[in-house]
Every structure is written in structure tokens, then in C-alpha cells.
Amino acid sequence: MFDVFFASIAHIGTSPALIGLSLTSVLIGIILGALPGVSSTMALAILLPFSYAMPPESAIIFLIGIFSASVFGGSISAILINIPGTPGAIVTQFDGYPMARSGRAGEALSYALLASTIGGLLGLLVLSVVAPLIAAAAIQFRSPEFAMAAVFGLTMLAYASPGSTFKGVLVGCIGLLIGMVGFDKLTDAPRFDFGTKVLQNGIDIVPLTVGIFGFSEVLINISDRSKGIERLPSFGRILPPIAKILRLGTTMFRGSMIGAFIGAIPAAGSAIAVALAYTQEQRFSKEPETFGKGAPAGIVAPEAANNACVAGALIPMMTLGVPGDTMTAVLMGALLLHGMRPGPLLFAEHPEFVGTVYGSLFFAIGLTLIFGFVAIALIVQLMKMPRHILMLVIAVLCVCGAFAVRNTMSDVYVMMFFGAVGYCLHMLKLPAAPIAFGLILGPLLEENIRRSLIISRGSWSVFLERPISLILVLLSAAALLYPVFDWWRKRAKQ
């Protein structure tokens, strides 16, 4: 497979048309990923029709460039204005935004870009070398494993969120309830819609995240009149010291491996991967108290995991014909339209096309690194904008981002409502991220718990009978009980 991979790199690299296509898609991906409310899935869906008239080779280069670059683009708005451009960047803002507020926005963006590059390359290596092995492990997942994976992801996020774990769990449960709004997928019965058509289709993740992370920041700045119209802190240096980057090499590697493995599990997605990578890095750190206050490792770990998920999600799609997440589902649809059916036979019947997938991802990662630094340099000018103008721009972007989801004002009202919710959480000193993750993982959790109970005829022991599910249950319980044990230990010492 490596000979096909290198042949594909040589073919793309010597074709000005294909290089230009990859370059264009990367630029579009970074811009769309950085726009609040435009997720990677939405960017792919919007631009998918443009690939219809392209040959299969050009189409996959175009779409993978957008896919890979938009994942990094989501971290730009998460770090600078506390609005995650993509759901996978929610955890990046934990430390990225505090670092930007302390006048180190350039370093934060550089850490995110370098981690994205390393994570993408290591994920590509995993995709090329051990794709069949990881796919074999992922295929063992059934409804009990998916349910417990969602529980584990929420537990890890609650553990990693600023403040107490109990508060994180409490807010996460609110997110799970929000995920239940709308028609029940199994019974088609309306739930929590309060008799309004607006809520019958459920609450979309984009208006919620834009409201709770973006519009709430506008409300917080308006309410805090002591800030006046001061300018944002200086952008600071762009490239961090080489010694600091080298010290974070292990962090990048751990985050990349977590992202590649979690991404290979169908339907798991980057939400679980970034939460797990952040939590694990916080545990390994010698200074865990710095997380949430601008720790570089808090940016590097989730960004490496987030971008390694790109290649990881391609593993089940390429080897099993099962999309790893919603983004690869769009890619899979594009392949089917061009007469390419993903699965084991793809490697035997179209090895050159498989090499093209690998080669296009390699060029997308490299071009993102190059133009990422160009984007960082251009963003310096935006940081000179007075705060009141910046808040107005953010408010307009929030409204446009929420409206663009389904072209309806109801999503704008939902965004404003959750902006108020985010403001209240800030005043109560409660973490906001578990609400968004609860909405993302809630439907996955509910559907698979109910399916598991149907199969087991109502027996909850089904979650303890399968080894992988049991391990996830034990790990989740340990994460929840550890703060209690730590409190008891400290009290015993006193």
C-alpha cells in the first residue's frame, strides 16, 4: 500500500491542476471552519454539489481538503472569540481563549496549528499501517458499547471542565435533557416541544453552541461596563519557543493516538476523542491546576486528537463501508455518486483510488500548515479592533451562523435563548461545555441504551456482560468517584 501512497503523492505533486484544487479547498476549508455556526459537516454538504462534475480523483481531493482544513479552522474562532467554529473545537477554547485574553493569541493559534499538523500526519500513518486492525476492534462495538462510550465521553468532559466534577455532571445532564427535545426516534412521539412547531425537530447543535459560547460572551461584555471599550490584549509572538514545542511532543503523540482510535469507532466522533485527550493530559500533567487558565497542553492535546480523528474516521469508511462520523458520511455519499463503493473490495478493485485518498489527505495537511500561518498573520489586524466593534461583529456572526443552519428565524431565537443560558452559567460559575456535549452525545446515548434494553428484555446487566462495555463502565465510575476519594484523602491528612 505504501508504493501506491507514494505514487499518489508524486502524481498529485506534479500536477498543477490537482495542486491548485487542493490549495483552493484548503483555503475554503479554513475560512468556513473559522466561521461560527459552519461546521465541517455543513462545509462539506454545502460544497458537495461542486464535486458532481469533477472526476472521482479531483472530487476526493477537493472534499478531503475542505474536510481536513475546516477542522483546524474551527480552533481559530474558539481561541480568539470563544466561539468554537466546529464542535470538535469546544475543548480547545478551555485554554485557548484564556491564553488569547492574556496577550498570547499568536502562541495559542500556533500551538493549535502545529498540533493539528502532527495529529493529522500521525492519524494518516495509522490509517495507512494499521487500518485493518483498528477496524477489526471497532467492529466489535454494539449498542451497549456505543451507550457506554457516550457515558464515558460525558464523564471525561465533566471531569475536565473547570470547577467541580459534580457541577460538570449536573450541567451535562441538562444537555442530555435538551437532546431529548423533539420527536422520539423510536416511537415518533413529541417530547418537550411545549406544543410549538419550532421545537418538534429538536434543537440543532449549531444555534446552541453559537449562543452558549458566542452570544453569551457578547452579553458578558455588555454587562461588565468596567471594561468600557478597551482594546483586546496584544497578539503577542506568533511562533512559540522551540524548546516549549519539543516538550509538548509527547502530548501531541498521546492526543493523536487517542484521536485515531476513537475516530475509528463508527459514530463516536471527535467529541469523545477531544474530551478524553484533554482529561488524560490533565492527569499526566505536573501542573494540572493550570488547565483551564491557558495551559499550552490544553490546546495541543485536543487539537491533535481532533485532527487525528479525520484519518481515524476514514478507517471504518474505507475498510468496512461504515461512515465513522457525519463528515465521512458526506464523503461516502460523494464516493457512491462517483461509482466508488467504500469497503474491503475498494482496496482490491481500486487501489489507485485508495492511494489518492491518502495522498490528498497528506497534501491537505501540509497546505493547512503553510496557509495556517498566513491566516494567523492576517488575524493580527483583527486583534487591533476596539472591543465594542468586535462585540458587534461577533453578534452579527452569531445571528448569521444560527440563521444559516436551516434558513429560519427560529434558530436565531434558540441561539439568543442559549446565549442567555450561557450568561447565567457564567454568573453562577458553572461550565458551559457539558451542555453542548450533552446535546451531541445525548441522542447516541439514549438510542443505544433503549436498543440494548430491548435486546436484553429490560436487563441492565447487558452493559456488564460485554468486556468493552464493562471496561467503559468501570472507567466512568472511577472518574466520577476519584474526586470523592481525593476529598476524603485530603480530609484524612488534615
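Please state which one of 288, 296 is in contact with a Leu (Cβ under 9 Å, 6 or more places away or on another chain) and more than 30 Å from residue 356 (Cα to Cα).
Working: 288 fails: in contact with a Leu (Cβ under 9 Å, 6 or more places away or on another chain).
Within the list 288, 296, the selection yields 296.
When you scan segment 282-301, how many residues do you find that are open to solvent by 10 Å² or more (accessible area, probe 1.4 Å), not β-branched (Val, Ile, Thr) and not in a loop (DSSP other than H, G, I, E, B)?
Count: 6.
Only one of these conditions is not met by residue 240: (1) open to solvent by less than 20 Å² (accessible area, probe 1.4 Å); (2) assigned to a helix (DSSP H, G or I); (3) modelled with pLDDT of 75 or more. Which number is it?
(2)
So the check is Cβ under 7 Å with 6+ separation or different chains; which pairs have a first residue in segment 242-261 that's farther than 9 Å from residue 301 by Cα and a second one that's surrounded by fewer than 24 Cβ atoms within 10 Å (Cβ to Cβ) and polar (S, T, N, Q)?
258/280
Please work out which one of (1) modelled with pLDDT of 80 or more; (2) open to solvent by less than 10 Å² (accessible area, probe 1.4 Å) is the condition residue 126 fails and give its number.
For residue 126, the exception is condition (2).
Identify, from the list 445, 430, the residue that is within 23 Å of the chain's Cα centre (by Cα), under 24 Å from residue 204 (Cα atoms) and in a loop (DSSP other than H, G, I, E, B).
Going through 445, 430 in turn, just one is within 23 Å of the chain's Cα centre (by Cα), under 24 Å from residue 204 (Cα atoms) and in a loop (DSSP other than H, G, I, E, B): 430.
What residue, among those in segment 82-116 that are open to solvent by 20 Å² or more (accessible area, probe 1.4 Å) and polar (S, T, N, Q), is modelled with the lowest pLDDT?
Only one residue tops the list, namely 82.
Return the residues of segment 188-200 that are outside any loop (DSSP other than H, G, I, E, B) and either open to solvent by 50 Å² or more (accessible area, probe 1.4 Å) or not charged (D, E, K, R) (or both); say none if nothing qualifies.
190, 197, 198, 199
Conditions tested, residue by residue: (1) open to solvent by 50 Å² or more (accessible area, probe 1.4 Å); (2) at pLDDT 85 or above; (3) touching a Cys at 6+ places or on another chain (Cβ under 8 Å); (4) not in a loop (DSSP other than H, G, I, E, B).
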| residue | (1), (2), (3), (4) |
| --- | --- |
| 163 | yes, no, no, no |
| 180 | yes, yes, no, no |
| 186 | yes, no, no, no |
| 202 | no, no, no, no |
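The values are calculated or read from the model by the stated rules, or taken from the named source; none is laboratory data. As the structure is a prediction and not an experimental result, all values here were calculated from the model. Neighbour counts run over all protein chains shown; Cβ positions are idealised from the backbone, glycine included. Note: accessible area is taken over every heavy atom of the protein model, side chains too, but ligands, DNA and RNA are not part of it. Shrake-Rupley method; radii C 1.70, N 1.55, O 1.52, S 1.80 Å.
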